[in-house]
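Enquirer: Okay, here's the structure, questions in a sec.
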Amino acid sequence: MSSELDADVDILIVGAGVTGIYQLYLAREAGYSVQLVDAGTGVGGTWYWNRYPGSRYDSESYTYGYFFSEELFKEWEWSEHFAGQAENERYFNHVVDKFGLRRHIRFSTRVTSAVWGKESSTWQVTAADGYTARARYLVAATGVLSAPFYPDVPGRESFRGESYHTGLWPKTEVDFKGKRVAVIGTGSSGVQVIPVIAPDVASLTVYQRTPNWATPLNNRPVTPQEQAELKAGFASIKETVDKSASGFLHQPSAKMTFDDSPEERQAFYERTWQLGGFGKIISNYRDMTMNPAANAEWSRFVADKIRAVVRDPATAEKLIPKDHGYAGKRPPYVTDYYEAYNRPNVSLIDLKETPITAVTETGIETAEGLREFDIIVWATGFDFGTGALKRIGIVGRDGLPLKEYWADGPLTYLGIMAHHFPNFFFPGGPHGGAGNNPRYNGDQSDFIAGLLEFAREHGHAVIEAPKALEDEWTTMVNEAAYTMSPFKELSYFFGSNIPGKAKAFLLNSLGRPKMLEMMETAAKSDYAGFFPGSEDSGQ
Ligand code: NA7
């Protein structure tokens, strides 16, 4: 090891979340020297940072966790179908300890720059605390929902009470008892935190800009019988999830909305309402997301459910989305969310009517006046997809910053690699997933492991995504954004929530099958075009 470096390794992984941990496992199994660094003080990624009250999976626990070890799958008993943050964090700690991965992890290490060195064919990585490392391969498993976003509200920093972002929640417990609390934002995080803190607080004021179509998560404990079935069903569960386009157990329905009579439809919707989480999209009528008339039918059904719960009709109407149908934005799944508005201590401010004009030392000011608070919760989301990658100072071949290369939106090959950035991989990044993320990200990590193995066996020091393949994938993803994806341009999946961010689709709406097919094609061609300087490189 070079004396001035803290680490000189084959592979440096950034991020100790669900993807980084698996990539670390694969790297270690393949015999590489590997170092994983993370800005936090513990593992879990999303499940480390998002420790706000009510934070939990909305993918089924056992389909979110790993499948690479049958023993792990069988020994870990999830207590609930949609487990909460503390349990999820425990799971990732268990995995890291079970497989002896912790000794490869350096915490409190926030990467600030990663620069490709042409001569050495290595990445030079620097962190905020002065840590430096050299690595042949750089894997940024930095996540898509990991760069928290604060809106630029005048006076935000002047507030003298307590202020928290859901995505940067402190490890010490926040005491809500008897406090006057504001929650800004009603995305998946806001709607999880609101019903959990509502019973404790003196008052809760929800600042809502855009209502969401929140439907029941239908969470419940995993019964002893279900535990036994999960263990016995490992192989078939894995197979079902592996064959699923979105990585879930929910099965698509064969039916179209208007094949059924209104009465049959109502009965079908009632059954769909009982399904867990994303079952309400996947197992709904096949045309629910893409046929506007079908979407309007289901949206009407959900709106009536909201009206049936919320006692004040004016509040109910404010909570029903008017600018997008169900799944036009990422729909949250909730427990007792709408019920919270029936509490006398909870009130809703519609920011479309009365926008926030300022945060003051004591509270939040809108056109209706100043409300004073003890605590402000910013549930205002993330710079989705590209935010984290653009913040770690990646500079590729010919001194090209990733930030610049992606100024108009990400250009990727399978959401894993970018041309101009040799030996650099970002599993779980933009253009990768559109469903149960760990399943896509795991496929990507497997692909990377296969590609590295091939390069090692054939003596290739440098791997780079061919421009033609990057163009092909990026074009397909961008086109499918409008033909295969329910999400509309107002969604953060198009970058719309961040002022000044290029409008470009950030998911992979082609689904897992297309990604897996292209991975197979690349492997079968012996990764033709991926090794610059070799005969078949075409670069
Ligand atoms: P989201 O879903 O992006 O939600 C952020 C919320 O914050 C949303 O309601 C926004 O309203 C609101 N927001 C953002 N900026 C402002 C300003 N300036 N003023 C008022 N309100 C604002 O993030 P989450 O953390 O809830 O969920 C992220 C993902 O985590 C989720 O999709 C799951 O995958 C898990 P808007 O809709 O933009 O009008």
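Every read-out reported here was derived from the displayed coordinates using simple, explicitly stated rules and does not represent laboratory data. What you see is a predicted model; the values in this text were computed from it and never measured. Neighbour counts are summed over all protein chains in view; Cβ atoms, including those assigned to glycine, are modelled from backbone coordinates with ideal geometry.
Enquirer: What whole-number value in cubic angstrom gives the convex hull volume per residue for the C-alpha atoms of region 1-51?
Expert: Cα-based convex hull of region 1-51, divided per residue, equals 68 Å³.
Enquirer: Taking the Cα centre of the chain as the origin and placing charges on Cβ (Lys, Arg +1; Asp, Glu -1), which of V196, A316, P344 is farthest toward the positive end of the dipole?
Expert: The listed residue farthest towards the positive side: P344.
Enquirer: Still on this structure, I have one more. Which percent of Cα pairs goes in each bin when the distances of region 100-202 are cut into 10 angstrom slices starting at zero?
Expert: The calculated distribution, bin by bin, is 10, 30, 25, 21, 11, 2, 0.
Enquirer: Taking the Cα atoms of region 490-535, report the difference between the largest and smallest coordinate on each principal axis, in whole Å and largest first.
Expert: For region 490-535, the Cα extents along the three principal axes come out at 45, 28, 8 Å.
Enquirer: Tell me, what does the Kirkwood hydrodynamic radius of region 102-145 come to in angstroms if you use every pair of distinct C-alpha atoms?
Expert: This gives a value of 11.5 Å.
Enquirer: Continuing with this model, one more query. Non-local amide H neighbours of T112 (under 5 Å, H modeled in plane, Pro and chain starts lacking H): which ones?
Expert: Correct list: T126, A127, A128.
Enquirer: Next question, about the same structure. Please name whichever of Y492, A235, A135 sits farthest to the positive end of the charge dipole of the chain, dipole taken about the Cα centre and charges placed at Cβ: Lys and Arg +1, Asp and Glu -1.
Expert: The residue sitting most towards the positive pole is Y492.
Enquirer: Could you tell me the relative contact order of the chain? Use alpha-carbon pairs under 8 Å, at least six residues apart, and round to a whole percent.
Expert: In percent, rounded to a whole number, it is 19.
Enquirer: Mind listing P(r) for region 322-428? All alpha-carbon pairs, 10 Å bins, whole percents.
Expert: 10, 26, 23, 21, 17, 3, 0
Enquirer: Still on this structure: For region 293-346, go through all pairs of different Cα atoms, get the mean of 1/r, take its inverse, and jot down that Kirkwood value in Å.
Expert: 11.9
Enquirer: Next up: Can you list the HN-Hα couplings for region 143-148, worked out from phi with the Karplus curve (6.51, -1.76, 1.60; θ = phi - 60°), rounded to whole Hz and with x for Gly and Pro?
Expert: Result, rounded to whole Hz: x, 9, 10, 9, 10, x.
Enquirer: When the chain is fully extended, how far beyond the present Cα-Cα distance does A228 get from R343, taking 0.36 nm per residue of separation?
Expert: Going from the current span to full extension adds 37.4 nm.
Enquirer: Over region 161-224, calculate the relative contact order: mean separation of alpha carbon pairs under 8 Å at least 6 apart, over the residue count, as a percent.
Expert: Worked out over region 161-224, it gives 34 percent.
Enquirer: How are the Cα pair distances of region 51-90 distributed, in percent, across 5 Å bins from 0?
Expert: Going from the shortest bin to the longest, the percentages are 5, 25, 32, 23, 9, 4, 1.
Enquirer: Per-residue counts of other Cβ atoms within 10 Å, averaged by peptide: what ranking do you get for 295-301, 67-73, 500-506, highest first?
Expert: The peptides rank, most packed first, as 295-301, 500-506, 67-73.
Enquirer: Relative to the longest principal Cα axis of the chain, at what angle does helix 292-309 sit, 0 to 90 degrees, rounded to 10?
Expert: Approximately 50 degrees, to the nearest 10.
Enquirer: Cα-based Rg of region 429-511 per 2.2 N^0.38 Å, rounded to two decimals?
Expert: 1.30
Enquirer: Turning to a different aspect of this structure: If amide H atoms are built 1.01 Å from N in the plane of the peptide, which residues on other chains or at least 5 residues away come under 5 Å of the amide H of G155?
Expert: Result for G155 returns V359.
Enquirer: Using alpha carbons only, how many degrees (0 to 90, rounded to 10) separate the axis of helix 262-273 from the longest principal axis of the chain?
Expert: Roughly 60 degrees, rounded to the nearest 10.
Enquirer: How big is the antiparallel share of DSSP beta bridges in the chain, given as a percent to the nearest 5?
Expert: 35
Enquirer: OK, next. Placing +1 at every Lys and Arg Cβ and -1 at every Asp and Glu Cβ, with all other atoms neutral, what dipole size does region 246-310 have around its Cα centre, in debye to the nearest 20?
Expert: 240
Enquirer: Given region 246-310, what whole percent of its Cα pairs are spread farther than 16 Å?
Expert: 43
Enquirer: Using each residue's phi in region 456-462, evaluate 6.51 cos²θ - 1.76 cosθ + 1.60 at θ = phi - 60° and report the 3J(HN,Hα) Karplus result to the nearest Hz, with x for Gly and Pro.
Expert: Computed from phi, the couplings for region 456-462 are 5, 5, 9, x, 8, 8, 10 Hz.
Enquirer: What list of ³J(HN,Hα) values in whole Hz, one per residue of region 236-252 in order, does the Karplus curve 6.51 cos²θ - 1.76 cosθ + 1.60 (θ = phi - 60°) give from phi, with Gly and Pro shown as x?
Expert: Per-residue couplings from phi come out as 6, 5, 4, 5, 4, 5, 5, 8, 6, 4, 10, x, 10, 7, 4, 9, x Hz.
Enquirer: What do you get when you divide the Cα radius of gyration of region 192-312 by 2.2 N^0.38 Å, with N the number of residues?
Expert: Against the compact-globule rule of thumb, the ratio is 1.30.
Enquirer: Would you mind giving the three semi-axes, in whole Å and largest first, of the ellipsoid equivalent to the chain according to its Cα gyration tensor?
Expert: So the equivalent ellipsoid measures 38, 28, 23 Å along its semi-axes.
Enquirer: For region 392-538, just the Cα atoms, rotate onto the principal axes and tell me the three extents in Å, largest first.
Expert: For region 392-538, the Cα spread along each principal axis is 47, 34, 24 Å.
Enquirer: What is the set of long-range amide H partners of N508 at a cut-off below 5 Å, with H atoms built 1.01 Å from backbone N?
Expert: Placed amide hydrogens put H431, G432, G433, A434 under 5 Å from N508.
Enquirer: Based on Cβ point charges of +1 for Lys and Arg and -1 for Asp and Glu, what charge dipole magnitude is obtained for the chain about its Cα centre, in debye rounded to the nearest 20?
Expert: That gives a dipole near 760 debye.
Enquirer: Something else: Using only DSSP helix segments of four residues or longer, with each worth -39500 (n - 2.57), what per-residue ellipticity at 222 nm results for the chain after dividing by its residue count and rounding to 500?
Expert: Helices in the chain give a 222 nm mean residue ellipticity of -9500 deg cm²/dmol.
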